[in-house]
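> Structure below; questions to follow.
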Amino acid sequence: MSDAPRIVVLPGDGIGPEIVAATRRLLETFGSFEFDERLLGGCSIDEHGTALTDEVLEACRAADAVLLGAVGGPKWDTTDPAAPRPEQGLLGLRKGMGLYANLRPVRPSPALVGASPLREERIAGTDLLVVRELTGGIYFGDSGRDGDRAHDTCEYTAAEIERIARTAFEAARRRAESSGRRPRVTSVDKANVLETSRLWREVVGRVAPDYDDVALDHLLVDNAAMQLVSRPADFDVIVTENLFGDILSDESAMLTGSLGMLPSASLGADGAPGLFEPVHGSAPDIAGKGIANPLATFLSAAMMLRHGLERPDEASRIETAVDAVLEGGMRTPDLAAGTLATPPMPDVPAEVEVGTAEMTDAVLAALAD
Ligand code: NAD
């Protein structure tokens, strides 16, 4: 058996195969990987009648990490509740792999700060990570309707809070290995009102002494929502429960203004493989045209190296190479569209619109520098 990490690759549908193929080229520059390419989503429905087969789930569970493109497309849109749907593949994968933590970094590339809805001086220097609990809280509690009355119940156990808190502290440590700054976790709750939040705050505080190199503070969710737009650069790692995390991770994502740039990771128990994927979907409108932006998937591969394979130096090299290429002016059409209004400025390279292949070649060349 080789020591090469075993990566299950799930290209999926739409632009998925294009951006994942580009990402495999990128990873191959860091030595050998054993890639095991499998079907997920619409392509699996076409072949097997289901979006996720037991064999694929087993392969994912046995891998060192799983890299996903995106799934879905109009071909499989249906109103028939009995028909298989591509998203069922994703949900089945998250459940079957026991993924309970979703990690979304927000780090606008310096060359793209102009795409942010925030003023440049506010967004500059932002480099944060939202860690969201994925399997508990109000989305999974008892719910029901009785005539004009409805209820949804929010429940958390100390064990659920403890494991996500540990994920956040450890992610903060890993990030500090490459950034060199003191790691900090901000735990977000609504402890002035909710009992689950008081338990949340208590348990996070109890776990914190095991990570005494990491600073901890607590913030109420309404305050966190405001601080994210007023001083985003002051955050490092934000950890929060499912509902608050759903909202705050989308709010944070908007800070960059560039959907094609956002990576994500979903992690499970210690030592179990994680799932790494771009935040965007399968973009069926541009599939097959050679113009998909591969950068969110490159940055997802960087997350895989950092959070899944303990190779933080290579992760940082990818992030630096992506920044360098954007600084040089290269833009896939989705990025160019947001910046075309920028007037030409002295000392700023002119923007060049490129496709997936040229963008990939440029990042590979920057890695080799
Ligand atoms: P989308 O993210 O696929 O596309 C939104 C817009 O952004 C489109 O104009 C698209 O061309 C553009 N875009 C997205 N990624 C891009 C990239 N890498 N490069 C260049 N342009 C890019 O969202 P949508 O249109 O709402 O959904 C399309 C399909 O994707 C649907 O079937 C949806 O269910 C699915 N989807 C899948 C995932 C996933 O697999 N995780 C996530 C979201 C949506």
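The values are calculated or read from the model by the stated rules, or taken from the named source; none is laboratory data. The shown structure was predicted, so the numbers you read here are calculated from the model rather than taken from an experiment. Positions of Cβ are generated from backbone atoms using ideal geometry, with glycine treated the same way; all protein chains shown enter the neighbour counts.
> How many of the residues making up the range 43-71 are assigned to a helix (DSSP H, G or I), in contact with a Pro (Cβ under 9 Å, 6 or more places away or on another chain) and of a type outside the set (V, I, T)? Walk me through it before giving the result.
We begin by selecting, within the range 43-71, every residue assigned to a helix (DSSP H, G or I); these are 43-48, 54-62.
Checking the rest, the ones that are also in contact with a Pro (Cβ under 9 Å, 6 or more places away or on another chain) come to 43-45, 60-62.
Imposing the further condition that a residue be of a type outside the set (V, I, T) reduces the set to 43-44, 60-62.
Counting residues in the range 43-71 that are assigned to a helix (DSSP H, G or I), in contact with a Pro (Cβ under 9 Å, 6 or more places away or on another chain) and of a type outside the set (V, I, T) gives 5.
Yes or no, residue by residue, for (1) farther than 22 Å from E358 by Cα; (2) in contact (Cβ under 8 Å) with a residue 60 or more places away in the chain; (3) within 16 Å of the ligand (Cβ to nearest atom):
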| site | (1), (2), (3) |
| --- | --- |
| T23 | no, yes, yes |
| L27 | no, yes, no |
| L40 | yes, no, yes |
| I45 | yes, no, yes |
| H48 | yes, no, no |
| D54 | yes, no, no |
| C60 | yes, yes, yes |
| L68 | no, yes, yes |
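> Would you pick out the residues in the range 86-131 that are free of Cβ contacts under 8 Å to residues at least 40 places away in the same chain and more than 21 Å from the chain's Cα centre (by Cα)?
R119, E120, E121
> With A336, A324, A315, A301 as the choices, which residue is within 11 Å of the ligand (Cβ to nearest atom) and not in a loop (DSSP other than H, G, I, E, B)?
Of A336, A324, A315, A301, the one residue that is within 11 Å of the ligand (Cβ to nearest atom) and not in a loop (DSSP other than H, G, I, E, B) is A336.
> Restricted to the range 271-283, and to residues that are in contact (Cβ under 8 Å) with a residue 60 or more places away in the chain and not in a strand (DSSP E or B), which residue is nearest to the chain's Cα centre (by Cα)?
Applying the filter and picking the extreme gives V279.
> Among the residues that make up the range 229-237, is at least one of them small (G, A, S), over 30 Å from L91 (Cα atoms), in contact with a Gly (Cβ under 6 Å, 6 or more places away or on another chain) and in contact (Cβ under 8 Å) with a residue 12 or more places away in the chain?
yes
> Looking only at the range 306-341, which residues are exposed (fewer than 12 other Cβ atoms within 10 Å of the Cβ) and modelled with pLDDT under 90? Quick ask: steps written out before the conclusion?
First, pick out the residues of the range 306-341 that are exposed (fewer than 12 other Cβ atoms within 10 Å of the Cβ): 310, 313, 340-341.
Residues satisfying the conditions are L340, A341.
> Do we have any residue at all in the range 100-109 that's within 24 Å of F276 (Cα to Cα), in a helix (DSSP H, G or I) and not aromatic (F, W, Y)? Quick ask: steps written out before the conclusion?
Filtering the range 100-109 down to residues within 24 Å of F276 (Cα to Cα) leaves 100-109.
Restricting the remaining residues to those that are in a helix (DSSP H, G or I) gives none.
No.
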